[in-house]
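The values are calculated or read from the model by the stated rules, or taken from the named source; none is laboratory data. Note that the coordinates shown come from a computational prediction; the quantities given were computed from them, not determined experimentally. Here the Cβ positions follow ideal geometry from the backbone for every residue, glycine too, while neighbour counts run over all protein chains shown.
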Amino acid sequence: MGIKSVTQHFNKRLFASVFLIAVSQFNYGFDNQAFTSTQAMDAFERQFGEYDDATRQWKIPTYFLSLLNSLNYIGFAAGLVIGSLTSARFGRRTTMIVMSVYALISATVVVTSTTKEQILVGRILNYVYVGFELAVVPVYQSEIVPAPVRGMVVGTYQLSIGLGGLVINSICRGTSSFQDSRAYRIPFGLFYVIPSIVLALIWFIPESPRWLLLRDRVEEARKAHHLLREGTMSEDDISNEFAKIQQSLLDEPEQGRTKELFQGVNRKRTAIAVGMSFFQQATGQAFASQYGAVWVKSLGTLNPFDVTLGSSALTTGLIITCLFLTDRVGRRKILLVGAAVQTVALYTMAGLGVPRPVPNANKSGMVGMLLLFGAGFGLGWGPLTYVVVTEVPALRLRDRSQRVSSLVNIFMNFLVNFTLPYLLNAPYAALQSKVGFIFGSIAVCSALFVFFCVPECKGRSLEEIDRMFHDGVPVRHFGDHPRSEVEINTSKVVDEEEVFDRQHAPEEVK
């Protein structure tokens, strides 16, 4: 998809909305990579670690490394549930305001930390904000953009994480030479920047028209939809698109209970969303994103801060490539290529770590495979999980589906992050790079899941995807299924609006 074919779908209001929503996600990348890099800093280890008499070095103990990189997902889960409920009840924009105010508070706890207990609590609290983001950002983006660019736009969720990580890793590379608390406090101080920007500008973007329709606020929805489309479509096309959204909501039976995610055709849709969230984390991306710097430092061959910076740059470049390809090549093909790259990288990395002692040449190769593994993730599972998870749910169940699939994502994130230090280090499993045998096998399973279970939804409107699920189209044939329009029952739409107008009309003065 060329630049011109992308930009023709955006007016100034839609571009500003998409850009601001994407920028809000930078803080996830800041947190993720700030802790990855600072854990390998001498100053951080002296402040929050323990002195090892045997090696005569300060070191973060295995148990605390595990807790610091796993208990934060308790906050993530809490933020996801609260954010999802807030988003469904009060709207996408209001939720972004609330989460930004909260982020300024949690950042203060992190920046002022002087003890292990405070830094642990601070990270847990900061991840409540990250959970809010996952609950609202992909849903908000998918609901306001046209179908031809939806994959690219929703994929910016992962791109923002990557860009945020690239920025913070660059800063950590510069501060790593400091031998006092500035080494880690300066990166943590960036946690204030993004929420402040969002709070200043969020007032200028409209609420999601689809959410407004779900709340029976028809005229507000019409106005918001027009703001996001004027100048890129004719007035008739804008009206027709809005009518199709209305019709799709009217045709779908009222649903409001989580158990309906597991009934009828929704069972298949939920399984796809949950499977995507499961494999995104189960393939071991945390090994590169959370423990990469610490592991590279333990090898003693390369500068860990150079490696994390290079990894961030490579992964971000692949994410950008994915965003431009996803609405042209399709989701399935890119996911399969990404899974294949991850599999090869993980198995090769594991094989290089088998000899004892490991030669320095093998160590360099292992680091190279770690970078390649991260690149495979950035090309496929990283950005496209959020695209697929927001495309497949029923319209009225989107918030609930996002909540359930994201909880699975968070649980797997917790499980992998909690167990990795014990899998990597002595005196426990001490597998080191051989964890690649475990995650490589899971990557093979992820490719099989994509091939048999993930539908191709490129270029389809959310309403068209909804219709194909209801019509029983096999998921492997979504891509070649004839395109169909959502039929508009004009009288039904008008009747619904008339009922709404009568219910909300002011009483006549007698």
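Tally the residues that are hydroxyl-bearing (Ser, Thr, Tyr), modelled with pLDDT of 90 or more and more than 26 Å from ALA16 (Cα to Cα), restricting the search to the range 128-176.
2
Within the group ARG229, ARG217, ARG210, which residue is out of contact with any helix residue (DSSP H, G or I) (no Cβ under 8 Å at 6 or more places or on another chain) and buried (at least 16 other Cβ atoms within 10 Å of the Cβ)?
ARG217
Sort out which residues of the range 45-60 are in contact with a helix residue (DSSP H, G or I) (Cβ under 9 Å, 6 or more places away or on another chain), surrounded by fewer than 23 Cβ atoms within 10 Å (Cβ to Cβ) and either of a type outside the set (Lys, Arg) or under 21 Å from ASN126 (Cα atoms) (or both), and write them in order of number.
If the condition is that a residue be in contact with a helix residue (DSSP H, G or I) (Cβ under 9 Å, 6 or more places away or on another chain), surrounded by fewer than 23 Cβ atoms within 10 Å (Cβ to Cβ) and either of a type outside the set (Lys, Arg) or under 21 Å from ASN126 (Cα atoms) (or both), then GLN47, GLY49, GLU50, GLN57, TRP58, ILE60 are the ones that fit.
Given PHE64, PHE10, which one is farther than 25 Å from GLY162 by Cβ and either touching a Lys or Arg at 6+ places or on another chain (Cβ under 7 Å) or assigned to a loop (DSSP other than H, G, I, E, B) (or both)?
It is PHE64.
Here is a list of conditions, (1) of a type outside the set (Val, Ile, Thr); (2) over 20 Å from the mean Cα position of the chain (by Cα); (3) modelled with pLDDT of 90 or more, and GLN263 meets all of them except one; can you say which number that is?
Just one mismatch for GLN263, condition (3).
Return the only residue of VAL354, VAL344, VAL337 being part of a loop (DSSP other than H, G, I, E, B), out of contact with any strand residue (DSSP E or B) (no Cβ under 7 Å at 6 or more places or on another chain), at pLDDT 90 or above and surrounded by fewer than 24 Cβ atoms within 10 Å (Cβ to Cβ).
Residue meeting the stated conditions: VAL354.
Taking the range 87-112, which residues are at pLDDT 90 or above, buried (at least 21 other Cβ atoms within 10 Å of the Cβ) and of a type outside the set (Lys, Arg)?
Matches in the range 87-112: SER87, THR95, MET96, MET99, SER100, ALA103, SER106, ALA107, VAL110.
Filter the range 291-301 for residues that are in contact with a helix residue (DSSP H, G or I) (Cβ under 6 Å, 6 or more places away or on another chain) and not in a helix (DSSP H, G or I) and give the result.
TYR291, THR301
For ARG150, state whether it is basic (Lys, Arg), in a helix (DSSP H, G or I), touching a helix residue (DSSP H, G or I) at 6+ places or on another chain (Cβ under 7 Å) and crowded, with 19+ Cβ neighbours inside 10 Å.
yes
Contact list please: Cβ distance under 7 Å, first residue in the range 269-289 and in contact (Cβ under 8 Å) with a residue 12 or more places away in the chain and charged (D, E, K, R), second residue crowded, with 22+ Cβ neighbours inside 10 Å and not in a helix (DSSP H, G or I), pairs at least six apart or on different chains.
ARG269/VAL392; ARG269/PRO393; ARG269/ALA394
Tell me which residues, restricted to the range 392-402, are crowded, with 24+ Cβ neighbours inside 10 Å and of a type outside the set (A, V, I, L, M).
PRO393, ARG398, SER401, GLN402
Give the residue that is surrounded by the most Cβ atoms within 10 Å (Cβ to Cβ), with candidates limited to residues of the range 418-476 that are among the small types (Gly, Ala, Ser) and within 17 Å of ILE334 (Cβ to Cβ).
ALA443
Each row is one residue, and each column tells you yes or no for (1) modelled with pLDDT of 90 or more; (2) within 30 Å of LEU370 (Cα to Cα); (3) of a type in the set (A, V, I, L, M); (4) touching a strand residue (DSSP E or B) at 6+ places or on another chain (Cβ under 7 Å).
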{"residue": "VAL389", "(1), (2), (3), (4)": "yes, yes, yes, no"}
{"residue": "ARG400", "(1), (2), (3), (4)": "no, no, no, no"}
{"residue": "ALA426", "(1), (2), (3), (4)": "no, yes, yes, no"}
{"residue": "ALA429", "(1), (2), (3), (4)": "no, yes, yes, no"}
{"residue": "VAL454", "(1), (2), (3), (4)": "yes, yes, yes, no"}
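Mind listing just one residue for me: the one in the range 9-42 that is more than 20 Å from ILE105 (Cα to Cα) and charged (D, E, K, R) and, of those, surrounded by the fewest Cβ atoms within 10 Å (Cβ to Cβ)?
LYS12
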